[in-house]
Amino acid sequence: MRRYGLRLPAQAVGICGVALFAPMIATSAAEQQIGAPPETLNMRLVGYDDLQGRSAYQPTIHHQGDRYIAYVGHHGGTPETPKPLNALTGQPEFNGTSIVDVTDPAHPPYLAHIPGTPGNYEEGGAQMTRVCDGRVLPKGDPNKTYLLRVFGGKSHQIFDVTDPAKPALIWQREGGLNDTHKSFWECDSGIAYLVSGVPGWRVNRMTEVYDMSDPAHPVKIRDFGLPGQQPGASGPIPEQLHGMISLGPQGNRIYFGYGTNKNGVMQIVDRDKLIHGPKEPTGDNLLYPEVGRLVMTPFNGAHTAFPMLKMPIAEFAKDALGAERDIVMIVDEQIRNACEEPRQMAWFVDVTIEAHPMVISNFQVPEASGDFCSRGGRFGTHASNESMAPVFYKKIVFLSYFNAGVRAVDVRDPYHPTEIGYFIPAITAATDKRCVTVNGQQSCKVAIQTNNVETDDRGYIYIVDRANTGMHILELTGDARAVTLH
């Protein structure tokens, strides 16, 4: 592998630049080894940051003035290291939000860490990040940039990150929540859809809709969820929310994903009706803004619902009707290690007729291609990039696949999605173990766990690792890169 002057995720560099790799970990044939090169096809490593050895969840890449800044949300720590060291301050800090300057992706300096809540794994940290410029927000300061993040499962916060090296808290939601997760913020309108757990609701994750057009003074609009989740309801409880993607005022649609890895629901909502319709959370009022719904099987969930509307389908070009289709890609999240649950994958759904969504194809990585069930950790999809910048949108999607790294998928024909590249990083001495119980005995393995992925408008791909291995900055090569030119 070429080196680009970056801080490599490998092992110490010895005299005269010769790499002195750490001793190999005793592994099975399927396991990764420290010092081994990454596994890759049509993708190459451009840059790297170890993120201070923190378990990473969501990266948001923001073009901020003449710079590109990565805001990375983190899960909590581990029992062994509940508070990793912040080398900038010299103090141990609970995992929160890393801020990295990726303007030069080959040399990404770490700018700041904002501590999150106490707790290990899912119990702590600050997993979610969204960023808006004040010049775009209707009531924002045009000279400022703002970060919206969760504060563990307890609350939501907004920071002034105009100087990303000196973030300053300007707002925190009052009152405790049961949980939080992957919210969405419309920069052009200021409307935010917060994944929250408002006490009294029958699920730990539902939606709070806020007007955050003035980030220093957000105003709550309403609560929202699936009928049956609201306070006072009875009967079966639909699976809780994971997250949503909005097309804003012009698109007037929001795509909600519920269920994560089981009993999934993809819900299509009329944005205007959600914001301006009746707000009391009765069953009828919750159903009012819905225009379509896909109920998935008990085997699969809806972690990410990524819309790709008005896609031209080459095969249908001569058809009198239907030459363009509205597509939503649903990505499930694999939860359990070592293939101990049904396989999660990506599903492509035709929503051209919104009231009747129809699954038209799926994408999955063949397990045998890397003996992935034996590698350790999770194997299956987790999420996709969410950027709609023209460089990749409706052409290539990137799927985080835990121990199978990130997969680049050509979606120009969504009826036949095709893999055109992948990158599986090498593990490092910081990579955390993942354990399962076999015949009453705990078995642990160290494996890469590519957790989430995002892209920027320059064509760089950013992947972050759940098992403390850091952030890898990638670009396409070869035939895969050529797809971006079409």
In segment 428-449, how many residues are of a type in the set (Val, Ile, Thr), farther than 16 Å from Gly53 by Cβ and crowded, with 16+ Cβ neighbours inside 10 Å? 1
Segment 408-427: number of residues that are open to solvent by less than 10 Å² (accessible area, probe 1.4 Å), of a type in the set (Val, Ile, Thr) and farther than 17 Å from Asp456 by Cα: 3
Would segment 117-125 turn up any residue that is part of a strand (DSSP E or B) and surrounded by 24 or more Cβ atoms within 10 Å (Cβ to Cβ)? yes
Out of the residues in segment 268-294 that are open to solvent by less than 40 Å² (accessible area, probe 1.4 Å) and not hydrophobic (A, V, I, L, M, F, W, C), state the one that is nearest to Ser183 (Cα to Cα). Arg271
Residue under question is Pro366, and the condition is that it be closer than 24 Å to Arg253 by Cβ and either open to solvent by 20 Å² or more (accessible area, probe 1.4 Å) or touching a Ser or Thr at 6+ places or on another chain (Cβ under 8 Å) (or both); does it hold? no
Report, by residue number, each residue of segment 53-108 that is in a strand (DSSP E or B) and of a type in the set (Lys, Arg). Arg67
Kindly indicate whether Tyr57 is among the aromatic types (Phe, Trp, Tyr) and over 16 Å from Gly125 (Cβ atoms). no
For the structure I just gave you, tell me whether Leu111 is open to solvent by less than 20 Å² (accessible area, probe 1.4 Å), farther than 29 Å from Arg434 by Cβ and touching a residue at least 40 places away in the same chain (Cβ under 8 Å). no
Qualifying position, being closer than 24 Å to Arg481 by Cβ, at pLDDT 95 or above and buried (at least 24 other Cβ atoms within 10 Å of the Cβ), among Gly405, Gly380: Gly405
Go through segment 348-359 and give me each residue that's open to solvent by less than 50 Å² (accessible area, probe 1.4 Å) and not in a loop (DSSP other than H, G, I, E, B). Phe348, Val349, Asp350
Would you please name the residue that is nearest to His75 (Cα to Cα), looking only at residues in segment 168-186 that are open to solvent by 40 Å² or more (accessible area, probe 1.4 Å), of a type outside the set (D, E, K, R) and not in a strand (DSSP E or B)? Asn178
Could you look through segment 304-335, keep only residues that are open to solvent by 50 Å² or more (accessible area, probe 1.4 Å) and without any contact (Cβ under 8 Å) to a residue 60 or more places away in the chain, and pick out the one that is nearest to Val409 (Cα to Cα)? Pro312
So, Asp371, is that one open to solvent by less than 30 Å² (accessible area, probe 1.4 Å) and among the acidic types (Asp, Glu) or not? no
So which residues in segment 237-262 are open to solvent by less than 10 Å² (accessible area, probe 1.4 Å) and out of contact with any Phe, Trp or Tyr (no Cβ under 6 Å at 6 or more places or on another chain)? His242, Gly243, Gly248, Ile254, Tyr255, Phe256, Gly257, Tyr258, Gly259
Restricting attention to segment 129-167, report how many residues are of a type outside the set (Gly, Ala, Ser) and in a loop (DSSP other than H, G, I, E, B). 16
List the residue pairs whose Cβ atoms are under 8 Å apart, where the first residue sits in segment 133-147 and is more than 17 Å from Pro167 (Cβ to Cβ), the second is among the small types (Gly, Ala, Ser) and open to solvent by 20 Å² or more (accessible area, probe 1.4 Å), and the two are 6 or more positions apart or on different chains. Pro138/Ser189
Within segment 84-102, restricting to residues that are touching a residue at least 40 places away in the same chain (Cβ under 8 Å) and hydroxyl-bearing (Ser, Thr, Tyr), the one that is nearest to Tyr460 (Cα to Cα) is Ser98
Looking at (1) among the aliphatic types (A, V, I, L, M); (2) closer than 16 Å to Arg205 by Cα; (3) open to solvent by less than 10 Å² (accessible area, probe 1.4 Å), which is the one condition that is false for Val265? (3)
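The values are calculated or read from the model by the stated rules, or taken from the named source; none is laboratory data. If you're wondering where the values come from, they're calculated on a predicted model, not measured in any experiment. Please note: Cβ atoms are built from the backbone with ideal geometry, for glycine as well, and neighbour counts cover all protein chains shown. Accessible surface is based on the protein model in full, side chains and every heavy atom, while ligands, DNA and RNA are left aside. Shrake-Rupley method; radii C 1.70, N 1.55, O 1.52, S 1.80 Å.
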